[in-house]
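Below you'll find the structure, written out as structure tokens, and then a few comments.
The values are calculated or read from the model by the stated rules, or taken from the named source; none is laboratory data. None of these values were measured; they are calculated from a predicted model. As a convention, Cβ positions derive from the backbone with ideal geometry for all residues, glycine included, and neighbour counts pool all protein chains shown.
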């Protein structure tokens, strides 16, 4: 749900602002990380940093968007269930890291999915998505410039 609506911008406004600065965005996630990338020319660093900070720390979780994501997760569950190798892999990993909320189950438990809401996601963000757990990396940027930008947002 990266680079989606934020408290200050709609999806469309965010995409138009990224396009206006010539930005290219990418997101990826694994069991123990979430990565948001935005690539821009050097003179657009401030605008890019503002967009990156906003999408990371002030996302808006619309009910309809949560419902779409839940449907996607259900499709992923079906794909895992159809592949015995992936099912074994997921279950071994879940057993090994059962009590660790950040490394535990890669997939949400299907039984809990129906009751999952935007409030649940907001609580997760409040607990786990914060500046204490964030790393800002810049390529081709002076360290002092990157530090100044990080401290601004």
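The table for this structure:
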item	result
Boolean, residue 34 is modelled with pLDDT under 90, surrounded by 11 or more Cβ atoms within 10 Å (Cβ to Cβ), under 15 Å from the mean Cα position of the chain (by Cα) and assigned by TED's automatic domain parsing to the domain that holds residue 148	yes
Selection from segment 21-71 of residues that are assigned to a helix (DSSP H, G or I), without any contact (Cβ under 8 Å) to a residue 40 or more places away in the chain and farther than 22 Å from residue 150 by Cα	64, 67, 68, 71
Extreme residue, modelled with the lowest pLDDT, among residues of segment 63-78 that are under 20 Å from residue 122 (Cα atoms) and touching a helix residue (DSSP H, G or I) at 6+ places or on another chain (Cβ under 7 Å)	73
